[in-house]
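Input: a single structure, listed below in structure tokens.
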Number of protein chains: 2
Amino acid sequence: MLRERREAAIGVFDSGLGGLTVAAAIAEALPDEELLYLGDTARVPYGTRSPATVVRYARNNVAFLRERGVKLVVVACNTVSAHALGGLADGGDTPVIGVIRPGARAALAASRGGPVAVLGTPGTVRSRAYEYAIHEIDPDRAVHAIACPLFVPLAEEGWSEHAVTTMVAREYLAPLAGTGVDTIILGCTHYPLLAGAIRAVAHEVLGPEVAIVDSATAVAAEVARFLDSTGSRRLAGPGARRFYVTDAPDRVGEVAGRFWSAASQGIEHVDVKVT
Amino acid sequence: MLRERREAAIGVFDSGLGGLTVAAAIAEALPDEELLYLGDTARVPYGTRSPATVVRYARNNVAFLRERGVKLVVVACNTVSAHALGGLADGGDTPVIGVIRPGARAALAASRGGPVAVLGTPGTVRSRAYEYAIHEIDPDRAVHAIACPLFVPLAEEGWSEHAVTTMVAREYLAPLAGTGVDTIILGCTHYPLLAGAIRAVAHEVLGPEVAIVDSATAVAAEVARFLDSTGSRRLAGPGARRFYVTDAPDRVGEVAGRFWSAASQGIEHVDVKVT
């Protein structure tokens, strides 16, 4: 790969700020790499929208990152990864990595062979993307997918430890009782903020051995493998980080800082062209 | 007014489907009028976005309705009414009616002279629009405004009667204990769906005499007054209704039907030009 391309940034985008958990994991695994993060806060959330609209917004975000010369696009949004990943790689030579397959692989690595549960947005669950990714590796594995639409607003409200979050988690996880599920995938980048409450309820419903997996670390490992296999690691560091959002409401830095403390400062407000 | 204008439809828009509660009240008060409803479901919610972005989206919605020849635009969204009403009336001769002033008037009519509370989105609360509207009429009235960001997702999840909604309402209304508030404004078009839970908690916190006011009926009365004062009532009915949304996810008709049963069928998916 040309030296110029090796030096280019890794682009990461999400519907909002939750994808910063993925960006933080990439920065930790690959501190020399430059990172460019785009949060589409003017159109968040994607998880309750139709696939056609999610695909349209995602293409606009990829175009924004490509214009800034990134060498790789990481889709740090489960809903986009579920609906749009194939279409996003079209029409350009920038490779695209999503969160679903790395998350599915991490879940199967953590599981002791029992059924796997996926918690996600309505869009991710309806897409059945995790089932497909798991069944590519293990066609007979039972998968239980549960839509949890209130988890994103609860995470954004900052109610990580609130009794309401526990009560909502009990409602969503109740159907898992008796299923023998041994691994739960947090299939949305917001959910790691609620991991404490989700884990406590999962222990009530499924016992203390249940594994909770999020895809951030798995995605970072996938990015490292990709850079190594294509000879496109940056030669020296540390890499700079830039944070863009499409809407900057009050306290955007404070909310961003909940997901990755490095993002609490210096967020730039940009317009992404909507086509 | 020209006969052609009298026959034109009333345009109603909201960030999503909650404004259907306002459209339903207008249809009940003015059954001869044609109604054209636009729900910007591709960009909902507005309540957590910056004022600049809310104003931009609102202008796009007004342009869409003007192109369809409406004689009046009703902004059935508290966040837009709070941030953008002045700016929306500019640049065109279509009159614009919002929900804040009618809601404020209805609250003062219902109140026995005590402090008034407003429940709204973070955007509406930060704008202080209800305080300003109340103080225009009664400069000394105490107003308590409380941001309730989880009420919209709870209403959209359909958890009107759920214990979680009661618990969330207790959290939000707790600061009203001991204030002597005698009237609560539901300052968001989604909140009437949670009125049962909100009323029950309001009775716990403030006693059984507290009045709960939503602006839908007040807006319908304001629209009727405007049509009469400008001689622009439609001459004969019944008026047709058309429903447009900018994104049509699964079950959009079912969700719309929760707000107004007439809207559960025949919803059209349109693009609103975003500038």
note = Exactly one of A:V223, A:V210 is at negative phi and over 20 Å from the mean Cα position of the chain (by Cα), and that one is A:V210
task = Say whether the condition of being assigned to a helix (DSSP H, G or I), in contact with a strand residue (DSSP E or B) (Cβ under 9 Å, 6 or more places away or on another chain) and surrounded by fewer than 21 Cβ atoms within 10 Å (Cβ to Cβ) is met by at least one residue in the range A:63-84.
result = yes
remark   = Of the conditions (1) touching a Phe, Trp or Tyr at 6+ places or on another chain (Cβ under 6 Å); (2) in a loop (DSSP other than H, G, I, E, B), the single one that A:A236 does not satisfy is (1)
ask   = So which of A:R233, A:R258 is surrounded by 13 or more Cβ atoms within 10 Å (Cβ to Cβ), within 19 Å of A:G158 (Cβ to Cβ) and basic (K, R)?
value = A:R258
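Report whether or not B:P45 is crowded, with 20+ Cβ neighbours inside 10 Å and under 21 Å from B:A263 (Cα atoms).
Yes, satisfied.
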remark   = Across (1) within 13 Å of chain A (Cβ to nearest Cβ); (2) more than 29 Å from B:F64 (Cβ to Cβ); (3) part of a helix (DSSP H, G or I); (4) open to solvent by less than 50 Å² (accessible area, probe 1.4 Å), B:G196 clears everything bar (1)
query = B:T53 versus (1) away from chain A (no Cβ under 14 Å); (2) more than 15 Å from the chain's Cα centre (by Cα); (3) open to solvent by less than 10 Å² (accessible area, probe 1.4 Å); (4) without any contact (Cβ under 8 Å) to a residue 60 or more places away in the chain: which is the lone unmet condition?
reply = (1)
ask   = Can you pull out the residues in the range A:137-158 that are within 18 Å of A:R112 (Cα to Cα) and either in contact (Cβ under 8 Å) with a residue 40 or more places away in the chain or part of a helix (DSSP H, G or I) (or both)?
value = A:I137
note = All conditions in (1) in contact with a Pro (Cβ under 9 Å, 6 or more places away or on another chain); (2) within 14 Å of chain B (Cβ to nearest Cβ); (3) of a type outside the set (V, I, T) are true of A:D214 except (2)
task = Quick one: in the range B:261-275, of everything that is open to solvent by less than 50 Å² (accessible area, probe 1.4 Å) and assigned to a loop (DSSP other than H, G, I, E, B), which residue is nearest to the other protein chains (Cβ to nearest Cβ)?
result = B:V274
message = Criterion first (aromatic (F, W, Y) and open to solvent by 40 Å² or more (accessible area, probe 1.4 Å)) does B:F151 satisfy it?
response = no
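Conditions (1) acidic (D, E); (2) over 18 Å from the mean Cα position of the chain (by Cα); (3) away from chain B (no Cβ under 11 Å), marked per residue:
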position	(1), (2), (3)
A:Y130	no, no, yes
A:I134	no, no, yes
A:R141	no, yes, yes
A:F151	no, no, no
A:L154	no, no, no
request  = Output yes when any residue across the range A:38-50 is closer than 24 Å to A:G92 by Cβ, touching a Lys or Arg at 6+ places or on another chain (Cβ under 8 Å) and not hydroxyl-bearing (S, T, Y), and no when none is.
outcome  = yes
ask   = Based on what the data block shows, is B:R242 surrounded by fewer than 17 Cβ atoms within 10 Å (Cβ to Cβ), within 14 Å of chain A (Cβ to nearest Cβ) and either under 16 Å from B:G16 (Cα atoms) or touching a residue at least 60 places away in the same chain (Cβ under 8 Å) (or both)?
value = no
ask   = Of all residues in the range B:161-187 being surrounded by fewer than 20 Cβ atoms within 10 Å (Cβ to Cβ) and over 17 Å from B:L150 (Cβ atoms), which is nearest to the other protein chains (Cβ to nearest Cβ)?
value = B:A177
Selected residue [of a type in the set (S, T, Y) and within 20 Å of A:A216 (Cα to Cα)] from A:T94, A:T79, A:T53 = A:T79
query = Got a number for residues in the range A:23-42 being within 14 Å of chain B (Cβ to nearest Cβ) and open to solvent by 10 Å² or more (accessible area, probe 1.4 Å)?
reply = 1
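Specify which of the listed residues (A:G92, A:G103) is away from chain B (no Cβ under 14 Å), among the small types (G, A, S) and open to solvent by 30 Å² or more (accessible area, probe 1.4 Å).
Matching residue, one of A:G92, A:G103: A:G92.
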key: One residue from A:V223, A:V255, A:V219 being within 14 Å of chain B (Cβ to nearest Cβ) and either among the small types (G, A, S) or not in a loop (DSSP other than H, G, I, E, B) (or both)   = A:V255
query = Does the range B:217-236 include one or more residues that are in contact with a Ser or Thr (Cβ under 9 Å, 6 or more places away or on another chain) and among the polar types (S, T, N, Q)?
reply = no
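With the requirement that a residue be away from chain B (no Cβ under 14 Å) and surrounded by fewer than 17 Cβ atoms within 10 Å (Cβ to Cβ), what does the range A:116-128 give you?
Of the range A:116-128, the ones away from chain B (no Cβ under 14 Å) are A:116-120.
The answer is none; no residue qualifies.
The values are calculated or read from the model by the stated rules, or taken from the named source; none is laboratory data. As the structure is a computational prediction, the values presented were derived from the model and not from experiment. Here Cβ is always computed from backbone atoms with ideal geometry, including for glycine, and neighbour counts include all displayed protein chains. Just the protein is used for accessible areas: all its heavy atoms, side chains included, with ligands, DNA and RNA removed. Shrake-Rupley method; radii C 1.70, N 1.55, O 1.52, S 1.80 Å.
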